[in-house]
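Heads up, the thing below is written out as structure tokens.
Since every read-out is calculated from the coordinates, none of them should be taken as a lab result. Small disclaimer: the values here were computed from a predicted structure and weren't measured. Here the Cβ positions follow ideal geometry from the backbone for every residue, glycine too, while neighbour counts run over all protein chains shown.
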Amino acid sequence: MRFGVVIFPGSNCDHDCIHVLRNVLAQDVVELWHGDSLLDDVDCVVLPGGFAYGDYLRAGAVAATSPIMPSVKSFAASGKPVLGICNGFQVLLEAGLLPGAMLRNQSLQFRCRQVLMSVESTKTPFTWNLREGQILQMPVAHGEGNYFAPKDLLDDIERQVVFRYAEDANPNGSARFIAGVCNKAGNVVGLMPHPERASEAILGSTDGRLIFEAVIEYVTSRSRVPALPRSRAEALR
């Protein structure tokens with residue numbers, strides 16, 4: 001499987017993601033510069049954490065207009081998996097690929113700590129083989145991770161909540177303890193905790209590997225299913 005990791009000016013978790021995908025999970029990785037415009041031969045796109053473009057205006061706001069984002073939007077529209085981690089989640093929100101917005105942490109302080117979160121939905125390529133209610137431990141590191149949406153929108157997207165902080169582990173004041181959401185199709189997922197920082201035992205948790213392993217198995221299992229002949233495929237519609 002081939003991952004594409006998008007690198008913006010100011011990304012600082014890109015090499016963490018590349019290391020885990022390439023060296024820990026033995027996957028092919030393409031490093032995609034923000035000025036690139038094509039995502040050829042990539043099976044999954046990852047937008048890593050950091051401070052893209054220095055988080056000027058708002059976290060992720062400038063990165064959402066970078067040259068690579070139209071390709072990311074087309075990639076997502078084709079149904080292929082896209083994962084935004086921390087700042088990458090913020091970019092996806094600003095680009096309109098995910099619902100809601102990010103505010104500054106309720107404490108107005110940068111939070112860097114381990115958190116527990118529950119799996120709320122298994123209807124994504126990144127969680128399909130996990131269990132609803134399964135508890136995962138990962139670190140967070142952000143100053144603007146306070147997920148916000150108006151009440152009407154929160155009600156509408158309840159089924160799009162993928163991860164939720166444990167009640168005693170909400171580090172930022174996020175509405176309804178939301179730690180991650182997906183788009184309506186389920187193929188685009190954003191979360192504030194860092195799975196790449198919880199993928200080796202020496203870091204204190206390997207729960208983050210489950211998210212990457214899920215999408216690897218999802219993509220590779222689908223690629224092993226032979227395509228139906230055109231007439232047969234049409235007959236089954």
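Dipole of the chain computed with +1 at Lys/Arg Cβ and -1 at Asp/Glu Cβ about the Cα centre; of 208, 163, 198, farthest Cα towards the positive end is 163. Computed over the chain with a Gaussian network model linking Cα atoms closer than 10 Å, the most mobile of 141, 77, 101 is 77. Only Lys, Arg, Asp and Glu carry charge here, each on its Cβ (+1 for the first two, -1 for the last two); on that basis the stretch 51-177 has a dipole of about 240 debye about its Cα centre.
When shorter helices are ignored and each DSSP H run of at least 4 residues is given -39500 (n - 2.57), the per-residue value for the chain at 222 nm works out to -6000 deg cm²/dmol.
With Cβ to Cβ distances under 13 Å as the rule, what net charge do the other residues near residue 104 carry (K, R +1; D, E -1)?
Working: positive: 58, 111; negative: 55, 144.
Net local charge, residue 104 excluded: 0.
When you restrict to C-alpha pairs under 8 Å that are six or more residues apart and normalise by the size of the chain, the relative contact order lands at 19 percent.
What is the dipole size for the stretch 2-235, taken about its Cα centre, with +1 at each Lys and Arg Cβ and -1 at each Asp and Glu Cβ, in debye to the nearest 20? Could you put the intermediate results ahead of the total?
Values: 21 positive and 25 negative charges, 72 e Å.
That gives a dipole near 340 debye.
Given the options 122, 220, 65, state which has the largest fluctuation in a GNM of the chain using a 10 Å cut-off (strictly under) for Cα springs. Of 122, 220, 65, the most mobile in the Gaussian network model is 220.
Positive end of the dipole of the stretch 2-235 (Cβ unit charges, origin at the Cα centre): among 150, 24, 46, the Cα lying farthest that way belongs to 150.
Given a cut-off of under 8 Å on Cα pairs at least six residues apart, what relative contact order in percent is computed for the stretch 173-218? Each step should come with its number before you reach the end.
Working: 36 pairs, mean separation 9.8, N = 46.
Over the stretch 173-218, the number comes to 21 percent.
Simple spin-label estimate for residue 12 and residue 109 gives 1.9 nm between the two label positions (7 Å along the Cα-to-Cβ direction from each Cα).
Put in line by how crowded their Cβ is, counting other Cβ atoms within 10 Å and starting with the fewest, 138, 1, 69 read 1, 69, 138.
Here is the P(r) of the chain: all C-alpha pair distances, binned every 5 Å from 0, give 1, 7, 15, 20, 21, 17, 10, 5, 2, 1, 0, 0 in whole percents.
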